[in-house]
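Visitor: So that we are looking at the same thing, I have put the structure below in structure tokens.
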Amino acid sequence: MPVENSRLKGFYKLSVKERREKVAELAGLEQEAIDALAATGELSEAAADRIIENVIGTLSLPVGVATNFIIDGEHYIVPFALEEPSVVAAASNMAKRCHAKGGFVSNNTEPIMIGQIQVVGCEDAFNAKEAILDAKDSLIEACNEVDPILVKFGGGCRDLEVRVIDTQSGPMVIVHILVDCRDAMGANAVNTMAETIASRIEAISGGTVILRIISNLAIHRLARVSATFTPEEMSNAGDVVQGAEVIEGILQAYHFAAADPFRATTHNKGIMNAISPIGVACGQDWRAIESGAHSYASYERTYGSLTHWEKDGDGNLVGSIELPMPVGLVGGAVRVHPVAKANVAIMGARTADDLAKVMAAAGLAQNLGALRALATVGIQAGHMKLHARNMAVTAGAEDHEVDVVVDMIRSSGERITATAIESALKMLRDE
């Protein structure tokens, strides 16, 4: 049931413990739930309280590592933080299937983010556009004066673009500043620059600036990764004929996603099954990454696949992925959360570009894993095998019973269902 009143005056002034007790009282929480919230694990209450507001506890997710990733000739162990079984296993499995052709290859663009400045009320929107463009150099210089450290490290405002768009509120002049953010995600730098030149934009255009904010459709900051998979690697036991059949099935599954937005949405969700958990594990703004990815899937086209699959002249499967990847290793949770820092160290990412290419490669591998499963045995067989332990716990199995119950179901050859799990547990206890 909802609480009677969510208006908690002065709530933010309370300690974490006091907030937790207040919420527990309002929501009627059992002691077990209160204890779960209080079990902070690797993130102390003090650290959590510095990251977001109104903290009452923390939530842990399993962190697993995907293996077998070779990207640009270097080996990577990739941390995932998520609750869904089969994702880490599928990514690891597919990553090793492109080793014959050298693994994954990246070709990322520069880390350019877009800052938007919205101008309304111009007497002549197109004249205002030209006036702003005439002042481009001075506006770029003003942006770079705001962040000399970013400029020192090779970043800074690189360009300025202006568009006129029609809206329900009338014509608007939209200014884009293009900022090289180097190893930062860049939101703070971009937003500060946009706010700094807002008054100059108003003076030049004769209009009024409303919004000054980063865009998560980072079309200039793209992660691009490709890989080649031989028929032998795509088969179960080096069978070229079977591998060729698997490749044909994968291509047909991909063509479905490329042609149909309903399928493409789930297809792309599978890609983000790998990318978002790496973002979570490494302290990234995974919501910005998700938003930008799905927007890019429909940018200047009908919504479609973020990956591309084709067969080369030798019968190999060639896959590629391209999507915005606004990630950073400077600032944000990656510098505060102890496990995020540890996960970046595990990965060995030295730059934001390293992190971006690893995430894109994992997305491509995960996509292939889903396509291969769908085109062969179906997605549920492997997923349910790995989900069986969760089902056993849900059925009431104790720690020492979980694996025994799962093994009973698997050895019987019976389909893994909640009913089958419950029956196996009952049989175990009857014995």
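The values are calculated or read from the model by the stated rules, or taken from the named source; none is laboratory data. Just so it is clear, the model here is predicted, and its values are computed rather than measured. We place every Cβ from the backbone using ideal geometry, glycine too, and count neighbours over all the protein chains shown.
Visitor: What residue, of Lys96, Lys129, is assigned to a helix (DSSP H, G or I) and farther than 19 Å from Glu233 by Cα?
Guide: Testing whether each residue is assigned to a helix (DSSP H, G or I) and farther than 19 Å from Glu233 by Cα leaves just Lys129.
Visitor: Would you please name the residue that is farthest from Ser60 (Cα to Cα), looking only at residues in the range 321-373 that are in a loop (DSSP other than H, G, I, E, B), in contact with a strand residue (DSSP E or B) (Cβ under 9 Å, 6 or more places away or on another chain) and among the aliphatic types (A, V, I, L, M)?
Guide: The extreme case among them is Met325.
Visitor: Another one. Residues that are out of contact with any Gly (no Cβ under 7 Å at 6 or more places or on another chain) and on the phi < 0 side of the Ramachandran plot, at least 2 per element: which helices (runs of 4 or more DSSP H) completely within the range 171-268 meet that?
Guide: 187-196, 198-205, 240-259
Visitor: OK, next. Among the residues of the range 89-100, are any outside the structural domain of Glu322 (by TED's automatic domain parsing), surrounded by fewer than 18 Cβ atoms within 10 Å (Cβ to Cβ), touching a Leu at 6+ places or on another chain (Cβ under 9 Å) and not basic (Lys, Arg)?
Guide: no
Visitor: State the number of residues belonging to the range 289-301 that are among the small types (Gly, Ala, Ser) and either surrounded by 20 or more Cβ atoms within 10 Å (Cβ to Cβ) or not in a helix (DSSP H, G or I) (or both).
Guide: Qualifying residue count, the range 289-301: 4.
Visitor: If we scan the range 302-320, do we find a residue that is in a helix (DSSP H, G or I), surrounded by fewer than 18 Cβ atoms within 10 Å (Cβ to Cβ) and not acidic (Asp, Glu)?
Guide: Looking for residues that are in a helix (DSSP H, G or I), surrounded by fewer than 18 Cβ atoms within 10 Å (Cβ to Cβ) and not acidic (Asp, Glu), one finds none in the range 302-320, hence no.
Visitor: Mind telling me which of the residues Ala198, Ala244 ends up being under 30 Å from Leu371 (Cβ atoms), touching a residue at least 40 places away in the same chain (Cβ under 8 Å) and small (Gly, Ala, Ser)?
Guide: Just a single option satisfies the conditions, and that option is Ala244.
Visitor: While we're looking at this one, here's another question. Which of the residues spanning the range 372-383 are over 24 Å from the mean Cα position of the chain (by Cα), at pLDDT below 60 and aliphatic (A, V, I, L, M)?
Guide: Ala381
Visitor: Find all pairs meeting these conditions: Cβ atoms under 6 angstrom apart; at least six residues apart or on different chains; first residue within the range 137-148 and over 13 Å from Val190 (Cα atoms); second residue surrounded by 14 or more Cβ atoms within 10 Å (Cβ to Cβ) and at pLDDT 95 or above.
Guide: Leu139/Leu160; Leu139/Ile197
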